[in-house]
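One structure is given here, and the rest of the page talks about it.
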Amino acid sequence: AQEPRWITTAEEIELSQLLELCVAGIGLPLDFDRSLVQGRVTLRSGPGFSNDDLWALTNRLLAAKSLAVIQPSGEEGLALVAIAQASKLARIEPGLASSARAGYVRVLHETSSVTPEKAAELLAKVLTAEGSVVQPVTGSRQVLIAGLKPQVLEAERVLFLLDEQPSPTAVETIRVTHLPPTAIVALVERIGQAMTKVGNNAPAGQ
């Protein structure tokens, strides 16, 4: 069985119709005010859109109109709101942003190696779209990330890299036979200095 593909018979389509197609594709109810989604959009389907492709495209078009689809707290369905209000109304996802169906999501992540304040400072450079929020949670090791789903996914990947646990220190003893240990240490240090001079990262360790 192949996934269904959406193919348009005209290059222009009403944005409200596009939303209705997405509702049929994702299988979730969506509450929206038609007056907010007036107008037509150009849509060249080519070989066709998958449900996920069409949903991602629709959310991008909505964001251009300063609108966002959220999943409100305690509700199974989705709602269309002004993107400026999205961070106040969207629920906090129980897991990663990848499992969310809304176009605008909020997630909480606990940090280990990096402080939440430092993580928030760096992630603010990733979440640049309108309505984005990133802030440390006072009194905890958590950082709150909210924004359009594609940017939140990028922010999660950056956070995982920033918060990666350092490798444990390894100590190894090597018995030398032909040269004094002090001579070998001096040679190894010269190699490290030479690598640094030619632009390579200096090897970690002592």
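Looking only at the range 6-40, count every residue that is more than 15 Å from ALA68 (Cα to Cα) and hydroxyl-bearing (Ser, Thr, Tyr) and tell me the total.
Qualifying residue count, the range 6-40: 2.
State all residues of the range 1-49 that are in a strand (DSSP E or B), in contact with a Lys or Arg (Cβ under 7 Å, 6 or more places away or on another chain) and open to solvent by less than 30 Å² (accessible area, probe 1.4 Å); if no residue qualifies, say none.
ILE13
Quick check on my filter: what residues within the range 70-79 are over 19 Å from the mean Cα position of the chain (by Cα) and either modelled with pLDDT of 95 or more or outside any strand (DSSP E or B) (or both)?
Within the range 70-79, SER73, GLY74, GLU75, GLU76, GLY77 qualify.
Pick from LEU54, LEU62: which is in contact with a Cys (Cβ under 9 Å, 6 or more places away or on another chain), touching a residue at least 24 places away in the same chain (Cβ under 8 Å) and surrounded by 12 or more Cβ atoms within 10 Å (Cβ to Cβ)?
LEU54
Being among the polar types (S, T, N, Q) and under 26 Å from SER35 (Cβ atoms) is true for just one of GLN151, GLN71, GLN142. Which residue is that?
Being among the polar types (S, T, N, Q) and under 26 Å from SER35 (Cβ atoms) holds for just one of GLN151, GLN71, GLN142, which is GLN71.
Yes/no per residue for (1) at pLDDT 90 or above; (2) over 16 Å from GLN151 (Cα atoms); (3) in contact with a strand residue (DSSP E or B) (Cβ under 7 Å, 6 or more places away or on another chain):
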position	(1), (2), (3)
GLN2	no, yes, no
LEU18	no, yes, yes
LEU21	no, yes, yes
SER35	no, yes, no
ASN51	no, yes, no
ASN59	yes, no, yes
GLU93	yes, no, yes
ALA97	yes, no, yes
TYR104	yes, no, yes
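Tell me whether the range 35-48 contains one or more residues that are closer than 12 Å to LEU80 by Cβ, touching a residue at least 12 places away in the same chain (Cβ under 8 Å) and in contact with a Gly (Cβ under 8 Å, 6 or more places away or on another chain).
No, every residue in the range 35-48 fails to be closer than 12 Å to LEU80 by Cβ, touching a residue at least 12 places away in the same chain (Cβ under 8 Å) and in contact with a Gly (Cβ under 8 Å, 6 or more places away or on another chain).
The values are calculated or read from the model by the stated rules, or taken from the named source; none is laboratory data. Computed from a predicted model, the values in this text were never measured in an experiment. Because the Cβ atoms are built from the backbone with ideal geometry, glycine has one as well, and the counts that use them run over all protein chains shown. Surface areas here come from the heavy atoms of the whole protein model, side chains and all, with no ligands, DNA or RNA. Shrake-Rupley method; radii C 1.70, N 1.55, O 1.52, S 1.80 Å.
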